[in-house]
């Protein structure tokens, strides 16, 4: 689908032309924007949260930005949201849920008191003003698995590496990817959870290499992709077809080794969008809703060089949409 919205600003674009009326939420600023965050507990979320705070700095309508970090705990995030509501200081609440089902009641409670924006991971209610997300897990899973199917022979062995269970966007990545691999007649030798840990990822791959040939590696997120590649390098094995993600270390490894690879993305530029949405909602301006579906491009061999930047940290996510922001690259740990 062709995205609608401003050219070259995918964090403001949308794929579904349906708007939510927000006139009831119009109020005078400056506003207090509250954010209940599932965590800043992996590199993707670190880059994303930097995007968010830098976006906040661009809006004089925001007088205060309150961030609470659930540290990957459902119970803490539920308590965090209750505390924010009890404080009565928030004009709008942004929620990135830790897990889908567990956070649904807390989001529903919040919707009864103030406008709510959910982004990144979903909940099982349509009460928020908008749910901001890229195309999502199905798209990510399809892109990677179809690339594998197009680049290996029928019957080839595929190892699927996952992070953790119970998160909607990760479950849909796996379900879509698995279906395509199965329908292509490929042999899924294993689907293992890595906990996003490099040492664990490397150990899992090494274990499977001892059992037999691996022709392709599919991942539901790429933060540990380089560790998986290194397991092949260290053992003297040919590098198979690989699905990674848009973090710098993988993009550079892909380029250096001339790998057959693809980097589906779950763009970190999406962390800018909730702040933009919050400002518009509190001004009574329409926003895409009940879902704000952002474009979700993949990095391919043809576009790889456009995203490699050796001046950025290894786990910087290239699809950040942050390059033109005032404090780039220093705020993201890059070198001027």
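Just so you know, all these numbers are worked out from the coordinates, no wet-lab data involved. Keep in mind it's a predicted model, so treat the numbers as computed, not measured. Because the Cβ atoms are built from the backbone with ideal geometry, glycine has one as well, and the counts that use them run over all protein chains shown.
Could you let me know the centre-to-centre spacing of the range 1-39 and the range 220-263, using Cα atoms, in angstrom?
35
Measure out, as a whole number of angstrom, how far apart the alpha-carbon centroids of the range 94-114 and the range 40-62 sit.
Each part's Cα centre sits 20 Å from the other's.
Can you list the equivalent-ellipsoid semi-axes of the range 188-258, largest first and in whole Å, using the square root of 5 times each Cα gyration tensor eigenvalue?
Over the Cα atoms of the range 188-258, the ellipsoid semi-axes are 17, 14, 11 Å.
With a 10 Å cut-off between alpha carbons and a GNM built on the chain, which of 171, 302, 54 moves the most?
302
Once each part is reduced to its C-alpha centroid, what is the distance from the range 304-336 to the range 147-205 in angstrom?
28
Please give the helix 137-151 orientation as an angle from the longest Cα principal axis of the chain, in degrees from 0 to 90, rounded to the nearest 10.
20
Please state the Cα pair-distance histogram of the range 137-262 with 5 angstrom bins from zero: what percent is in each bin?
2, 12, 24, 26, 23, 11, 2, 0
What ranking of 291, 206 emerges when the number of other C-beta atoms within 10 Å of each C-beta is taken as an exposure proxy, fewest first?
206, 291
Write down the percent of antiparallel bridges among all DSSP beta bridges whose residues are both part of the chain, to the nearest 5. Intermediate values should be presented prior to the final figure.
Values: 5 of 41 bridges.
Percentage antiparallel, nearest 5: 10.
Roughly how tilted is helix 225-235, in degrees to the nearest 10 and between 0 and 90, from the longest Cα axis of the chain?
Between helix and principal axis, roughly 20 degrees.
(1) 48; (2) 51; (3) 59: which one is percent of Cα pairs over 25 Å apart as calculated from this entry?
Among (1) 48; (2) 51; (3) 59, the one derived from this structure is (2).
Can you sort 73, 36 from fewest to most other Cβ atoms within 10 Å of each residue's own Cβ? If you can, show how the numbers build up before the last one.
Numbers: 73 17, 36 30.
Going from sparsest to densest Cβ surroundings: 73, 36.
Round to the nearest 10 and give me the degree value, 0 to 90, for the angle of helix 168-183's Cα axis relative to the longest principal axis of the chain.
It works out to around 30 degrees.
Based on alpha-carbon positions alone, could you give the equivalent ellipsoid semi-axes of the range 215-330 from the gyration tensor, as √(5λ), descending, whole Å? Display every interim value, and only then the final one.
On the way: eigenvalues 219, 49, 23 Å².
Square roots of five times the eigenvalues give 33, 16, 11 Å.
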